Amino acid sequence: MFLKFKSLFDLNSIPIRQTNKPLQEIKKHINELSNKSFDEFRQEINKYRSSIKKLVEKLPPETFISLRKIERRDKLPPIEREIIAKLNEFMPRFYAMMYEVYKRKMGITYYDVQLRAGIILAKGQRLVELATGEGKTMTFQLPLFLYSLTGRGCHLVTVNDYLSKRDGEYAGHIASELGLTVGIITSDRAYKFYSDEEIRKIKGDEFWNDTKKDRSLSISGMNGINLVEVSKKEAYNCDIVYGTNNEFGFDYLRDNMVWNLQDIVQRELYFCIVDEVDSILIDEARTPLIISGMPSDSNLEKYITFSNAVKDLEENKHYIVDYKFRSVALTEEGILEVEKKLGINNLWKDFSAAYHIENALKAKVLFKKNQQYIVKNGEVLIVDEFTGRILPGRRYSDGLHQAIEAKEGVQIKQEYKTFATITFQNYFRLYKILCGGSGTIMTEAEEFYKIYGLESVPIPTNKPVIRKDYPDLVYKTEAAKFKAIVQDVKERHKKGQPVLIGTTSVEKSEIISEMLKQEGIEHEVLNAKYHEREAKIIEKAGRKGAVTVATNMAGRGADIVIGGGMRGDKLYYEVMELGGLHVIGSERHEARRIDNQLRGRTGRQGEPGSSRFYVSLDDQLMKILGGNIIARLMNFIGMQEDHPIENKLITKQIEIAQKRIESVNFDARKQIVEFDDVMNFHREIFYLKRRN
């Protein structure tokens, strides 16, 4: 009774309750459609498209480049709201058709929670939180396919090229049965999906017979057989387009630099659904997209000079670091030391010198190799701290990247002149309707609402979560912490329980990997250096006796199946009896949702599982929290290095510190948007005039 009473006042439960009636309608239509053929489905869908086309034709002529901040549903023009209303009228029967196609073609069906999420997203301007393993890939197809009936640009955004191709091809098998076309945009190619019959005609019987053994309709079995390379324009003209946030954004900028209108590749930016929305709209939104060229005339030797000037400076003596705000400043003694090394009397006399010293100091103190970046083939490559992936083609701006290159002793590349730039925030606010989801959005709900005008809705899991989340273990030193982690792994590995160890950097993953090798424990390593193998590694992480070390876990695009076989087989039940997958966090991240993403890798679909975070007073977060105070307390009571503190109160304090840092980071991103909004006004006028 108490739970029912409580739910009446739970605002998050209101959108869920509102899906009850449409869900019953979908189930009613599923029963009615069970005897209809796919041809009959297509005929009915063509009628929907004709009906919606009449409404779309009423839209006033508009240059689609027009930039405007995303608006709430009730603020959209009347005709746009009428189109959404018409789509929602068709939605129950259309979703039922998709349910039937999946059932007959793939042998799987939608869960009720997936259909509820699809109903919520069909309203537009909303995000859903679906836990790992609940089937986001299938869920996002529901509103994406529905809105494609308008004949306007409908895009699904993923975090990398591999997922764009895999998910796009998987969607194509369903879309083609409904008479819809699918295009895929990657960083170097564009593709269009063709059905088996069409592929056989296009590529011939020899190709068809050669690839017979490789064909699979499982999502992990997608291998590009049904994809044909096409021009970008042809891919964008498909009903549905899959691609990465980078490529969609860069194509938008490139379209506004072309000399001829026929060279424009994108259509109207109408409907967009973002997979791993927190990773794309928040984490990656801190770095704008920039198209540059024509190196500026700058003296590269100065970067080496300034790098050498700060090389031997000492923390607290020559400079002070603020770990909370990620800033570093010279002390009076530090200024004198730098002036001495540069052979100048006043560091602040020349603005350029002060600017370069600041970058050199940031490169030395705040940007660490194998944490914020890696060096590969003599090139400094940025690592996304939230996903552990390399960000290809991205460079730090304003001379910072050159300062890091000087520090690492690799070839320093010239600074380039910027031709076109846009922040991800302002790019995604171009879409008239924006939706998306992830396993962890609720901690950032305020930012999604204030920046993008999006409401966030948590979706209940299909089965109750029975995972055990143990309190953090706090150690005095990092060495003691790593030793304890390896001991925990050793004990669980001995009995065959699979273990996943999450780290916050490439460097930490390699330290743990080396310690595991010394103990003779076989394991896989997944970090920015090996991300091209990530899906295959992740799929095997739930096997009996498997040990996997991974740098962060956002948007990996593959679920960990315990046992490594089919759900419900002998291997599956063996691992179930061992307690399922055990997740170890080697450090707390600055953002709570990154920790939640790691935890969410176990205990999916009602399976058993457990998680534990190991923390040391040397960790970055503990320095911000005030780890020195806890260290003095541990010394006072005479605690040994290998004796941890296990206290729920400390775990709670860590989460409070994370909330504070999230707030600071939100303010920083908000400031970036406010600065770009000024440029956005100029961009709007310039691009609109140029297009016209």
Conditions first: (1) in contact with a helix residue (DSSP H, G or I) (Cβ under 9 Å, 6 or more places away or on another chain); (2) without any contact (Cβ under 8 Å) to a residue 40 or more places away in the chain; (3) not in a strand (DSSP E or B). Residue 228 passes all but one, so which condition is the exception? (3)
Condition first: touching a helix residue (DSSP H, G or I) at 6+ places or on another chain (Cβ under 6 Å) and crowded, with 22+ Cβ neighbours inside 10 Å. Can you find one or more residues in region 202-221 that meet it? no
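For residues that are in contact with a strand residue (DSSP E or B) (Cβ under 8 Å, 6 or more places away or on another chain) and either over 26 Å from residue 552 (Cα atoms) or modelled with pLDDT under 90 (or both), tally how many sit in region 428-438. Walk me through how you get there before you give the answer.
Quick first cut of region 428-438, residues in contact with a strand residue (DSSP E or B) (Cβ under 8 Å, 6 or more places away or on another chain) only: 428, 431-438.
With the extra rule that they be either over 26 Å from residue 552 (Cα atoms) or modelled with pLDDT under 90 (or both), the set shrinks to 431-434.
Number satisfying all stated conditions: 4.
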Starting from region 659-672, take each residue that is open to solvent by less than 50 Å² (accessible area, probe 1.4 Å) and list its partners that are among the polar types (S, T, N, Q) and at pLDDT below 80, counting only C-beta distances under 9 angstrom and pairs at least six apart or across chains. none
When region 133-175 is checked residue by residue, the ones that are free of Cβ contacts under 8 Å to residues at least 60 places away in the same chain, within 12 Å of residue 275 (Cα to Cα) and open to solvent by less than 10 Å² (accessible area, probe 1.4 Å) are 141
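Return the total of residues in region 148-188 being over 27 Å from residue 84 (Cβ atoms) and among the hydroxyl-bearing types (Ser, Thr, Tyr).
First pass over region 148-188, keeping only residues over 27 Å from residue 84 (Cβ atoms): 159-163, 165-166, 169, 173, 186-188.
Filter again for among the hydroxyl-bearing types (Ser, Thr, Tyr), leaving 162, 186-187.
Here the count works out to 3.
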Residue 410: among the β-branched types (Val, Ile, Thr) and surrounded by fewer than 17 Cβ atoms within 10 Å (Cβ to Cβ), yes or no? yes
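Would you point out the residue of region 570-601, among those that are β-branched (Val, Ile, Thr) and in a helix (DSSP H, G or I), that is farthest from residue 460 (Cα to Cα)? Let's see the steps before the verdict.
Narrowing region 570-601 to residues β-branched (Val, Ile, Thr): 575, 583-584, 594.
Next, from what is left, pick out any that are in a helix (DSSP H, G or I): 575, 594.
On the way: 575: 25, 594: 20 Å.
Among residues in region 570-601 that are β-branched (Val, Ile, Thr) and in a helix (DSSP H, G or I), the one farthest from residue 460 (Cα to Cα) is 575.
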Could you tell me how many of the residues in region 444-462 are modelled with pLDDT under 90 and among the small types (Gly, Ala, Ser)? 1
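Test residue 326 against the stated conditions and say whether it is modelled with pLDDT under 85 and touching a Lys or Arg at 6+ places or on another chain (Cβ under 7 Å). Full working, then the answer.
Details: modelled with pLDDT under 85: yes; touching a Lys or Arg at 6+ places or on another chain (Cβ under 7 Å): no.
So residue 326 does not fit the description; no.
Using the structure shown, decide if residue 270 is under 30 Å from residue 281 (Cα atoms) and touching a Ser or Thr at 6+ places or on another chain (Cβ under 8 Å).
Numbers: under 30 Å from residue 281 (Cα atoms): yes; touching a Ser or Thr at 6+ places or on another chain (Cβ under 8 Å): yes.
Against the criterion (under 30 Å from residue 281 (Cα atoms) and touching a Ser or Thr at 6+ places or on another chain (Cβ under 8 Å)), residue 270 qualifies.
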Which of the following residues is open to solvent by less than 20 Å² (accessible area, probe 1.4 Å), at pLDDT 90 or above, of a type outside the set (Phe, Trp, Tyr) and under 30 Å from residue 440 (Cβ atoms): 283, 255, 251? 251
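If a residue counts only when it is farther than 20 Å from residue 89 by Cα and more than 22 Å from the chain's Cα centre (by Cα), which helices (runs of 4 or more DSSP H) contained entirely in region 107-217 have at least 2 such residues? Steps first, answer last, please.
Working: elements: 112-122, 136-147, 161-175, 196-210.
Passing ranges, in order: 161-175, 196-210.
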Being over 16 Å from residue 236 (Cα atoms), open to solvent by 10 Å² or more (accessible area, probe 1.4 Å) and of a type outside the set (Gly, Ala, Ser): is that true of residue 191 here? no
List the number of the failed condition for residue 441; all other conditions in (1) open to solvent by 10 Å² or more (accessible area, probe 1.4 Å); (2) within 11 Å of residue 281 (Cα to Cα); (3) aliphatic (A, V, I, L, M); (4) at pLDDT 90 or above hold. (1)
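Name the residue, out of 310, 321, that is under 14 Å from residue 356 (Cβ atoms), under 37 Å from the mean Cα position of the chain (by Cα), modelled with pLDDT of 85 or more and not aromatic (Phe, Trp, Tyr).
Values: 321 fails: under 14 Å from residue 356 (Cβ atoms).
None of the others qualify; the one that does is 310.
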Yes or no: region 464-472 includes at least one residue that is open to solvent by less than 10 Å² (accessible area, probe 1.4 Å) and touching a Ser or Thr at 6+ places or on another chain (Cβ under 7 Å). yes
Per the filter on region 367-418, residues among the small types (Gly, Ala, Ser) and free of Cβ contacts under 8 Å to residues at least 60 places away in the same chain are 378, 409
Out of everything in region 350-393 that is farther than 18 Å from residue 326 by Cβ and of a type in the set (Lys, Arg), what residue ends up being nearest to the chain's Cα centre (by Cα)? 389
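If you go through region 34-49 one residue at a time, do you hit one that is in a helix (DSSP H, G or I) and either touching a strand residue (DSSP E or B) at 6+ places or on another chain (Cβ under 9 Å) or at pLDDT below 95 (or both)?
Kept after step one, since they are in a helix (DSSP H, G or I), are these residues of region 34-49: 38-49.
With the extra rule that they be either touching a strand residue (DSSP E or B) at 6+ places or on another chain (Cβ under 9 Å) or at pLDDT below 95 (or both), the set shrinks to none.
There is no residue in region 34-49 that is in a helix (DSSP H, G or I) and either touching a strand residue (DSSP E or B) at 6+ places or on another chain (Cβ under 9 Å) or at pLDDT below 95 (or both).
Can you confirm whether residue 332 is open to solvent by 40 Å² or more (accessible area, probe 1.4 Å) and more than 30 Å from residue 680 (Cα to Cα)? Let's see the steps before the verdict.
On the way: open to solvent by 40 Å² or more (accessible area, probe 1.4 Å): yes; more than 30 Å from residue 680 (Cα to Cα): yes.
So residue 332 passes the test.
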Among residues belonging to region 89-117 that are without any contact (Cβ under 8 Å) to a residue 12 or more places away in the chain and under 10 Å from residue 30 (Cβ atoms), point out the one that is most open to solvent (accessible area, probe 1.4 Å). 103
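Report those strands (runs of 3 or more DSSP E) wholly inside region 255-347 carrying at least 3 residues which are more than 23 Å from residue 153 (Cα to Cα).
Of the strands (runs of 3 or more DSSP E) lying wholly inside region 255-347, those with at least 3 residues that are more than 23 Å from residue 153 (Cα to Cα) span 289-295, 319-322, 327-330.
For the structure I just gave you, tell me whether residue 481 is among the charged types (D, E, K, R) and under 28 Å from residue 646 (Cβ atoms).
Details: among the charged types (D, E, K, R): yes; under 28 Å from residue 646 (Cβ atoms): yes.
It is true that residue 481 is among the charged types (D, E, K, R) and under 28 Å from residue 646 (Cβ atoms).
The values are calculated or read from the model by the stated rules, or taken from the named source; none is laboratory data. What you see is a predicted model, and the numbers here were worked out from it, not measured in a lab. Please note: Cβ atoms are built from the backbone with ideal geometry, for glycine as well, and neighbour counts cover all protein chains shown. For the accessible areas, the whole protein counts, side chains as well, though only heavy atoms, and no ligand, DNA or RNA atoms are used. Shrake-Rupley method; radii C 1.70, N 1.55, O 1.52, S 1.80 Å.
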